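The values are calculated or read from the model by the stated rules, or taken from the named source; none is laboratory data. Just so it is clear, the model here is predicted, and its values are computed rather than measured. Heads up, the Cβs are rebuilt from the backbone with ideal geometry, glycines too, and the neighbour counts pull from every protein chain shown.
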Amino acid sequence: MSSDFPLRLGLPEPFPIIRNFLESSGYTEEFLRSHFHLPSIHFLLYPYGLQAEYLNKKYEEGDSLPLFLARLFIAGRTYDRPALEERLTSPVVAALEQLGLLIPGDTAGLRCPVIVYPALGVFVASDRGFRPEGPGYRGKDYVMSGTEHICRQFIAHISRAPCKTFLDMGTGSGLAALLATKFSEQVWAVDITPRAASYAGFNRLLNGAQNLTVLEGDLFTPVRGLSFDRIASNPPFEPPLKDGMIFSVGGEDGEAIIKRLVTEIPPYLNPGGRLYCQVCGTDRENESFDERILSWLGEARSEFDAVLFVRLTLPPNEYAIQQMLGENQDSWKLQEWNMFYHKLKATQVVIGHLILQKRASVRPTFTARRNFGPVTTQKEIEWLLDWETQCAGPDFADRLLESRPRPGLGWELHVRHGLQEGKLTPLGYTFFTTYPFETNLHVASWMAMLVSRCDGKATAAGHYQFFASRMTLSKEEYLRALGALIGADFLRIDGFEPPASPEAAAQ
């Protein structure tokens, strides 16, 4: 345990008292969002001005219990013992003191040295970045709340399908691991810093998560000899030009931790198992980010499918300016950022989610890169992974030829024209859609004609015969094109409708 960790883990008896109290108190994420009209409780956990307006007011007798708890646990208000015992009861106050969740304040009374908050159905304690009386803990091993938007995105795209074993790598406060205990039989959580491992261990006890094991160590070192059905990681990925926080800096190029994770993962995933990883890296002049990720697998490349789901791309200088503003860095620092990206020959910064899937049987592996659409969720991600996995199967070509394709919904076909010999002539065809992923698919003219012919009645084999009789077209090329059109929902077949389609909703 971290030597300066502010809480106590060695006393099991107080945890059920506090857990039962919190669960019955109405202190929920829904209450906080609704009461303060906020899209996320993250805005309450950091000093963006909302605390002064809402939470740092003095205690009023008419406050509801959840609001009182928000002022105590989030705003860090100091209250005298009689007020605490009146609202929380004496046994709860005693339990909070036993665990270090209540300590003497700077003035007379008691305060909470950390933040304790509801998140996604569990209760989490993590470092306090501010206090009404001044700054909170901001050491390099600071443990952030896990309520930040990018953390929520990461958690939202992890599969909730039941599994036997789950590993949360770089667990921080342990939030992702706690959520995994609801669908995985056994969960492990690992972090390199003693402070983070201590918080995760404390939160395990706070939530009564008996199927969670928390370990301290560097990446896979603490779990050698084990393998998992699912591994999730939100690793450090910022360049070393930032503040030096352990949770944020990803090595000399920002990708070093992600590279180690991908390089070392092969023996730790069971066949059919997946890595869900939040990533940030760069496309470079002669190599895309996803191509570089595949190279990190080395000799194990033939065992893994890989899909990079891109949420955002930015020019390097624009990303640098955003990071500088977020860190309040001086303007001269921009030159250092620009030199850093120039040295890498970076063309754009890529932010998104990586999924590696270890194949469960002997078959060709697949790779893909998709851009998030406005309403892309974890369901669309799982749909695509299922589709690509089926396409790589040994008998899928025959099944695809027997299908009866029909048009998807909501897409557009853009036709580029130009003058040729004085006549306006089609020069290029591009299908565009924003669902299930934002896709621009440049196609040959015959593919545009194929979509127009698909009415759900004729088989894919019949369409192939039509085109093969009029042009040189191999069956393999035809099936690849058909698979690409279905995988982007320009065409649909029975049994593989996207999650938001009427057909899928009715199933």
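If you go through segment 83-94 one residue at a time, do you hit one that is touching a residue at least 12 places away in the same chain (Cβ under 8 Å), at negative phi and in a loop (DSSP other than H, G, I, E, B)? No, every residue in segment 83-94 fails to be touching a residue at least 12 places away in the same chain (Cβ under 8 Å), at negative phi and in a loop (DSSP other than H, G, I, E, B). Looking across T377, T365, one residue alone is closer than 26 Å to R292 by Cα, among the hydroxyl-bearing types (S, T, Y) and in contact with an Asp or Glu (Cβ under 6 Å, 6 or more places away or on another chain). It is T365. Restricted to segment 317-332, and to residues there that are at negative phi and of a type in the set (S, T, N, Q), the residue that is modelled with the lowest pLDDT is Q329. Summed over segment 399-453, the residues that are under 24 Å from E476 (Cα atoms) and of a type outside the set (A, V, I, L, M, F, W, C) give a count of 17. Of everything in segment 425-479 that is assigned to a strand (DSSP E or B) and over 38 Å from the mean Cα position of the chain (by Cα), the residue that is nearest to H353 (Cα to Cα) is L427.
For segment 377-397, the tally of residues that are touching a Ser or Thr at 6+ places or on another chain (Cβ under 9 Å) and buried (at least 21 other Cβ atoms within 10 Å of the Cβ) stands at 1. Scanning segment 445-464 for residues that are surrounded by 12 or more Cβ atoms within 10 Å (Cβ to Cβ) and either without any contact (Cβ under 8 Å) to a residue 12 or more places away in the chain or closer than 21 Å to V415 by Cα (or both) turns up S445, W446, M447, A448, M449, L450, V451, R453, C454, G462. Got at least one residue in segment 352-366 being surrounded by fewer than 20 Cβ atoms within 10 Å (Cβ to Cβ) and within 24 Å of D168 (Cβ to Cβ)? Yes: segment 352-366 contains one or more residues that are surrounded by fewer than 20 Cβ atoms within 10 Å (Cβ to Cβ) and within 24 Å of D168 (Cβ to Cβ). The residues of segment 89-106 that are closer than 15 Å to F15 by Cα and of a type in the set (A, V, I, L, M, F, W, C), listed by number, are V92, V93, A94, A95, L96, L99, L101, L102.
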